[in-house]
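These notes concern the structure reproduced below.
The values are calculated or read from the model by the stated rules, or taken from the named source; none is laboratory data. Please read all numbers here as calculations on a predicted model, not as lab measurements. Here Cβ is always computed from backbone atoms with ideal geometry, including for glycine, and neighbour counts include all displayed protein chains.
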Amino acid sequence: MEDNNGICEHVSRATRVELASLLIDKIGSSTGLAASLGITEMAVRKWMLRLTHPSNANLHKMIEMAFELDATRASEILKEDLSKHQTSFTCMERLKNAFSRSNDGQGSGAKG
């Protein structure tokens with residue numbers, strides 16, 4: 001995968017754990033995932049207990065691994081999470097447009 005650092009900032013904690021779970025299923029163990037990432041098994045276990053979550057650096061590696069092992073499922077997981085941002089932006093645009101229409105004809109509000 002080319003450069004996925006740009007999306008790492010936007011991937012939710014829950015989705016990070018979901019990707020870790022996918023990888024554990026595909027690799028066969030949390031020990032295997034930890035070894036692949038160069039981290040401790042305890043770190044992976046803490047993710048799965050939702051005590052912590054994967055850093056952006058680990059997420060970057062996990063995304064690459066997930067696309068190598070199950071591109072279809074990895075894509076589904078990420079699309080579902082990242083589409084929430086699109087929905088948020090769409091709602092924000094609607095609010096902005098509604099606000100702009102309600103203020104049309106009222107001037108800038110400054111009296112002079």
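Look through region 77-104, keep the residues that are out of contact with any helix residue (DSSP H, G or I) (no Cβ under 9 Å at 6 or more places or on another chain) and of a type in the set (Asp, Glu), and return whichever of them is farthest from residue 10 (Cα to Cα). Explain how you work it out, then say what you get.
We begin by selecting, within region 77-104, every residue out of contact with any helix residue (DSSP H, G or I) (no Cβ under 9 Å at 6 or more places or on another chain); these are 79, 83-104.
Next cut, of a type in the set (Asp, Glu) only: 93, 104.
Values: 93: 19, 104: 35 Å.
By that ranking, first place goes to 104.
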Original post:
If you take the residues of region 46-56 that are over 13 Å from residue 23 (Cβ atoms) and touching a residue at least 12 places away in the same chain (Cβ under 8 Å), which of them is surrounded by the most Cβ atoms within 10 Å (Cβ to Cβ)?
Top reply: 53
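Of everything in region 46-63 that's polar (S, T, N, Q) and part of a helix (DSSP H, G or I), which residue is nearest to the chain's Cα centre (by Cα)?
Restricting attention to region 46-63, the residues satisfying the condition of being polar (S, T, N, Q) are 52, 55-56, 58.
Okay, now just the ones that are also part of a helix (DSSP H, G or I), so 56, 58.
Working: 56: 10, 58: 13 Å.
Per the criteria, the residue is 56.
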**OP:** Pick out the one residue from 43, 74 that is of a type in the set (Gly, Ala, Ser), surrounded by 14 or more Cβ atoms within 10 Å (Cβ to Cβ), under 16 Å from residue 10 (Cβ atoms) and at pLDDT 95 or above.
**Re:** 74
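Quick one: in region 4-38, of everything that is among the β-branched types (Val, Ile, Thr) and closer than 13 Å to residue 65 by Cβ, which residue is surrounded by the fewest Cβ atoms within 10 Å (Cβ to Cβ)? Talk me through it step by step, then tell me what you get.
Filtering region 4-38 down to residues among the β-branched types (Val, Ile, Thr) leaves 7, 11, 15, 17, 24, 27, 31.
Checking which are closer than 13 Å to residue 65 by Cβ leaves us with 24, 27.
Numbers: 24: 18, 27: 16.
Per the criteria, the residue is 27.
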**OP:** From (1) more than 15 Å from the chain's Cα centre (by Cα); (2) modelled with pLDDT under 95, pick out the condition that doesn't hold for residue 80.
**Re:** (1)
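Out of region 57-71, which residues are exposed (fewer than 14 other Cβ atoms within 10 Å of the Cβ) and within 13 Å of residue 8 (Cα to Cα)? Spell out the reasoning first.
Pass one, region 57-71, residues exposed (fewer than 14 other Cβ atoms within 10 Å of the Cβ): 57, 68, 71.
Hit for region 57-71 is 57, nothing else.
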